[in-house]
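The values are calculated or read from the model by the stated rules, or taken from the named source; none is laboratory data. Worth saying up front: this structure is predicted, and the values here are computed from it rather than measured. Ideal geometry is used to build each Cβ from the backbone, glycine not excepted, and the neighbour counts take in all protein chains shown. SASA here: full protein model, heavy atoms, side chains in, ligands and nucleic acids out. Shrake-Rupley method; radii C 1.70, N 1.55, O 1.52, S 1.80 Å.
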Amino acid sequence: MTKARRTGTAACVLLLLLVPLTVLVAVRHGAPLPGDLALHRWPLDHRPPVAVATARAVTATGTGVLPYVLAVAAGLIAGHDSKQRWYAAAGALAVLALGQAVRYGLMAVVARPRPAALDWATTASGHSFPSGHAATGALTAGLLVWAVLTRSRSSAARVTVALLLLWAAAVGLSRIYLGVHWASDVLGGWLFASLWLCLAALATAPLIRTHMAGPEALTEPAARRD
């Protein structure tokens, strides 16, 4: 199976997971889904000051300017020369920015309310589904994973990829721990980000083959393009 076909299959699976979840949240008018309440209540009784401070620090990395800086860094890492670096940086930034725009639109359409503000251990604003921090963290991590694997497939690169995925997971889980999102919001954010990355990979594959050719590029071998 070619890389494009694998990516397309993954996108279909993610879509089949995200759409029913979104519809279920919408038809229930934002009411908690099975499991949401249990996962929301547990942190309320397990919030020592150190854990709360750590969760706030982690959650802060999933918003603001940092993800956009990291997206640009991903492009600069992925390129093999100065032209490729800036081209990839612009592309990675566009993937993140467009993903955020679509995610904001989805949030506005679903308009799910957040958990009760009395349960929050940090500030939050806007609608709840899908989680913006979870989606942003996953999108940023995905772009960095692409950059790292474009440059190297070494053991160090694999460790870096694992750490990036753990960071994205931690950002999402911190939103549940701090009480500002339901678990299904975070799941929705992860699914949305994964789907968006797959669609971006499919849409940009021809451009990557043209402008980002390199020995370690995440593109199909030339023999498979014919």
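General observations
- Tally of residues being out of contact with any helix residue (DSSP H, G or I) (no Cβ under 6 Å at 6 or more places or on another chain) and either part of a helix (DSSP H, G or I) or open to solvent by less than 70 Å² (accessible area, probe 1.4 Å) (or both) across the stretch 61-80: 7
- Residue in the stretch 109-121 that is on the phi < 0 side of the Ramachandran plot, among the aromatic types (Phe, Trp, Tyr) and open to solvent by less than 40 Å² (accessible area, probe 1.4 Å) present: no
- Test: Ala51 is small (Gly, Ala, Ser), farther than 30 Å from Ala203 by Cα and over 20 Å from the mean Cα position of the chain (by Cα): yes
- Filter pass, Arg151 being open to solvent by 40 Å² or more (accessible area, probe 1.4 Å) and touching a residue at least 60 places away in the same chain (Cβ under 8 Å): yes
- Selected residue (only one of Pro49, Pro32, Pro43 is open to solvent by 80 Å² or more (accessible area, probe 1.4 Å) and either free of Cβ contacts under 8 Å to residues at least 40 places away in the same chain or in contact with a helix residue (DSSP H, G or I) (Cβ under 8 Å, 6 or more places away or on another chain) (or both)): Pro49
- Just one of the listed residues (Leu37, Leu14) is in contact (Cβ under 8 Å) with a residue 12 or more places away in the chain and part of a helix (DSSP H, G or I), namely Leu14.
- With respect to the conditions (1) surrounded by 15 or more Cβ atoms within 10 Å (Cβ to Cβ); (2) at pLDDT below 95; (3) outside any helix (DSSP H, G or I), Phe129 falls short on a single one, namely (2).
Results for (1) without any contact (Cβ under 8 Å) to a residue 60 or more places away in the chain; (2) under 28 Å from Thr204 (Cβ atoms); (3) of a type in the set (Gly, Ala, Ser), shown as yes or no for each residue.
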position: Gly64; (1), (2), (3): yes, yes, yes
position: Val69; (1), (2), (3): yes, yes, no
position: Val72; (1), (2), (3): yes, yes, no
position: Gly75; (1), (2), (3): no, yes, yes
position: Ala89; (1), (2), (3): yes, yes, yes
position: Leu93; (1), (2), (3): yes, yes, no
position: Ala108; (1), (2), (3): yes, yes, yes
position: Pro113; (1), (2), (3): no, no, no
position: His127; (1), (2), (3): yes, no, no
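- Ala89 being open to solvent by less than 60 Å² (accessible area, probe 1.4 Å), in a helix (DSSP H, G or I), under 15 Å from Gly142 (Cα atoms) and not acidic (Asp, Glu): yes
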